[in-house]
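The values are calculated or read from the model by the stated rules, or taken from the named source; none is laboratory data. Computed from a predicted model, the values in this text were never measured in an experiment. Glycine also receives a Cβ, built like all others from the backbone with ideal geometry; neighbour counts cover every protein chain displayed.
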Amino acid sequence: MYMKIIILTICVWRAFSQTEAGDKLKEMDYLDGSIVENKYLLPSINISEHSEELTNHTNEKVSVGLSRALDFYNTQLLAANWNTIKIELSEDCAKDMQTYIDGLTAGATWALKMDDASGRYSTGWFWGNQFWTGSQSLCENVSPVKGVILANGSDENRLSNVTEPLQYESYKKLLMIHSQQPQFDLGYFVLRVNINNSFTSEERILHIGLCLPDVCTNEDARVLFEETSRISQKVSLKVGAIRSRHQRYNMFEDVTFLLLCTVTAGVIVLLISGTAFDVYIQQMRKKKKTLVINCTTYSPAGNDLSETVTKLDMGTSGFYMVSGKGDDNNNGRDQASSGTETPSDAGNKYREIKLNKQFILCLLRRLVLAFSIRVNVNNIFNQSVGSDTLSVIHGLKSISIAWVILGHTCLVAFKYSDNMEYRKVVHKEFMFQTILNATFSVDTFFFTSGLLVSFLYFRANAKGKLDHPITNKISGFWSGFLHFFGLIIYRFARLTAPYLFVIGVLEVTMKWFYYNSVFEPPTLDHVNCPNYWWRNLLYINTLFPVNEMCMLWSWYLSDDTQFYIVGAVLLILAVSHFKSAAALLLLFVLSSWMTTGFIAFSNSHLPGADDPLALFDKIYDKPWTRLGPYLIGMCVGWLLFKTKCELRMNKLTVIIGWFLSSIILLALVYGLHEINLSPLAGAAYSALSHSVWALGLAWIVVACTTGYGGYVNKLLSASVLYPFSRLTYCAYLLHPIALRVMVMSMDQPLHLGKGVMPVLFLGQVVASFVLAFAVSISFEGPSVSMLRILTKLTHSQEGSR
């Protein structure tokens, strides 16, 4: 008896010992190899009442892994609780889901593919993976079958020979389950799910893809997901939004898409016509036949032309060339004043009507020629610097646009990656400051814009090219106002054609991706562009909240245009009141610094520690915080004009200048690495950093244009950079669209690593410039050419009156 008690006691002790050892082993296995913060430790969780059928109706607490706690859309739960769940579904959805469950139970391939196409937790919860997308392409390629298609003819014959209704339905269902394809259409649903749990400190948002019968509604998808995801009481979830093809976007019912097609077709016709006409002109030149397209020759606006009009042998085109010079004595005017119409007067009227027709025809031909692909391609690849820029500017613009593309590539890649937290790792690396501070690239564009506007304006004014017959007839305020108005109209006409086209492309593509992509668009362009495109057209979109902005990166164009308006006022004023203009410019710069510093200090913005775009709507995109570099560029432009790009500096001055410039630029990009600023220092940095960057660039431009650039000037002035510089405007407009198309066309999120980003960046540079080239020769190049034609025309016409 005692012996039995002793043996029983030993057995019980050993059993408890093994259980405790097992529990400790499970915990050690989970914690082995890493130190986990308390907030990330997984507690033991209760299996919910919905899973009792899976645990023999026990309420036992068990230690589980992360995959158990995040086991959403559990098809095992779906099958176990189907009788309860199907009541909440629509009739058609419940019917097809029943077939799906039967297929899963029978191990049918098509059902397993559907299950495999739905997204679930795999790995990367703490690495920032919020895209459990499954595979949309797999779901779409599990092709539905119309009707009953059997493996062989004997099966079909046997089905047709079944006469009993119950036997027929049973046999049909059996064949349906074991078929290689489902008997219903499939739909892919993307659910945005808000997750609250006890093992992370903040709410998480997941994007989960489900492959379900297409007849299921969004509400059906919500019920199916929520009812099959209650495995853990430590995790609560709520479906925030659902996207599916039930909200299909039809391009052909979209006015914007139809308008884009019309414009594109019209431009293609003009490109073909312009190129064909250009080829025709080249052939005439080879045949040594002169084709005059200088329309000022035909100007009938008061010009006194000789009576000789020679018709060239150009077939039936009726293209005329006026020969001879005007009669300085203007005898016809004396005769007309007598009130008697002479034969000479009648001839003059006939000749004037004829010249009007010739002038209009010539003008139309010149405008069509502006669309010549050959001409516009030659303009892009022309190796001459051009009278409207400086050689060093080409290099600065080319490097800056590459820097902009790099920064945007990283932003988009991190947003659509399954390891978002990887950014926090590379964020600590020294060279990653190059990406974090890519915001200075935009300041380079502001600086070069201000410089060229100022330099070219003062140079044109000195040569008398700004004199216009209209403004010369009046003086004072109205002369300045008309001059100012002309500058604004010229800029608007030059920029707007490609800008509007790209806005239309963005609106249509984002609408399409919103309803067809696994991922949600990064911004609300599909909503904002149809409602607020007019703000972009007026270049005032930065004066409104960022959540209402169409084409987020267009903030630069808005600011640059507003700066151009300010600059035009200062330049017109400087011609007659230079000191007043200089004082006003200084006031603008100081006001910008003070405003930026105040906003940064009020919002406790700490550069280096905070995201550079943290205060996008308060600091980053507002014109009153970014004005400094533009005005500094204007000052440099005036300096180069006054010195005629010729300065004499001794060697010590040159060395000090290059040293200070290099230190300034490198310190701004890399100087805040692992440095924490005080609120006051952070405000000062926010206020001054952009202007200081412009000062660093100022030395580079001055040194390179005055002969002290050395190897830097050779690099920045390299002729190979000229085409890239001329395409920067269109590349800036288009590169974010190329980025979005790449990412949102994918089935799965990116997985980032050090070797991935350079490949993505180089690919985006190539894609962006290819697209920019196409848009430039179609819209930007013709717009600039036509503006030059019309500008020269107005000068010649008004000058002849």
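Yes/no per residue for (1) surrounded by fewer than 16 Cβ atoms within 10 Å (Cβ to Cβ); (2) of a type in the set (Asp, Glu); (3) within 25 Å of the chain's Cα centre (by Cα):
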site	(1), (2), (3)
Gly567	no, no, no
Ser580	yes, no, no
Ala583	yes, no, no
Leu587	yes, no, no
Lys618	no, no, yes
*The lone exception for Trp593 - which of (1) more than 28 Å from Thr523 (Cα to Cα); (2) in contact with an Asp or Glu (Cβ under 7 Å, 6 or more places away or on another chain) it fails*: (2)
*Selected residue (only one of Asp611, Asp559 is closer than 23 Å to His735 by Cβ and at pLDDT below 95)*: Asp611
_Considering residues of segment 203-224 that are among the aliphatic types (A, V, I, L, M) and in a strand (DSSP E or B) only, the residue farthest from Leu89 (Cα to Cα)_ = Ile205
*Looking only at segment 546-553, decide whether some residue is within 29 Å of Leu787 (Cα to Cα) and in a helix (DSSP H, G or I).*
yes
*So how many residues does segment 745-769 have that are surrounded by 20 or more Cβ atoms within 10 Å (Cβ to Cβ) and either within 23 Å of Pro498 (Cβ to Cβ) or out of contact with any Ser or Thr (no Cβ under 9 Å at 6 or more places or on another chain) (or both)?*
3
*Residue list for segment 620-657, restricted to those being under 35 Å from the mean Cα position of the chain (by Cα) and small (Gly, Ala, Ser)*: Gly628, Gly633, Gly637
_Being surrounded by fewer than 20 Cβ atoms within 10 Å (Cβ to Cβ) and either of a type in the set (A, V, I, L, M) or modelled with pLDDT of 85 or more (or both): is that true of Phe455 here?_
no
*Looking only at segment 718-747, count how many residues are farther than 30 Å from Gly386 by Cα and among the basic types (Lys, Arg).*
1
*Filtered residues of segment 244-256 (kept if over 12 Å from Trp512 (Cα atoms) and not polar (S, T, N, Q))*: His246, Glu253, Val255
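Residue-wise test of (1) among the small types (Gly, Ala, Ser); (2) part of a helix (DSSP H, G or I); (3) touching an Asp or Glu at 6+ places or on another chain (Cβ under 9 Å).
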{"residue": "Asn83", "(1), (2), (3)": "no, yes, no"}
{"residue": "Ile87", "(1), (2), (3)": "no, yes, no"}
{"residue": "Tyr100", "(1), (2), (3)": "no, yes, yes"}
{"residue": "Ala111", "(1), (2), (3)": "yes, yes, yes"}
{"residue": "Met114", "(1), (2), (3)": "no, yes, no"}
*Evaluate segment 626-649: report whether one residue or more is surrounded by 15 or more Cβ atoms within 10 Å (Cβ to Cβ) and among the charged types (D, E, K, R).*
yes
*With respect to Leu557, is the statement that it is under 17 Å from the mean Cα position of the chain (by Cα) and assigned to a loop (DSSP other than H, G, I, E, B) true?*
no
*Starting from residues that are aliphatic (A, V, I, L, M) and closer than 30 Å to Arg740 by Cα, keep the ones in segment 381-407 and report whichever is surrounded by the fewest Cβ atoms within 10 Å (Cβ to Cβ).*
Ile399
*Which of the residues belonging to segment 71-89 are among the β-branched types (Val, Ile, Thr) and surrounded by fewer than 16 Cβ atoms within 10 Å (Cβ to Cβ)?*
Thr84, Ile87
*Return a yes/no flag: does segment 235-244 have any residue that is surrounded by 19 or more Cβ atoms within 10 Å (Cβ to Cβ), among the aliphatic types (A, V, I, L, M), modelled with pLDDT of 90 or more and more than 22 Å from Leu70 (Cα to Cα).*
no
*Take the residues of segment 101-130 that are over 41 Å from the mean Cα position of the chain (by Cα) and on the phi < 0 side of the Ramachandran plot: which is surrounded by the most Cβ atoms within 10 Å (Cβ to Cβ)?*
Gly103
*When segment 505-535 is examined, which residues are found to be part of a loop (DSSP other than H, G, I, E, B) and either of a type in the set (Gly, Ala, Ser) or under 26 Å from Ala774 (Cα atoms) (or both)?*
Ser517, Pro521, Pro522, Thr523
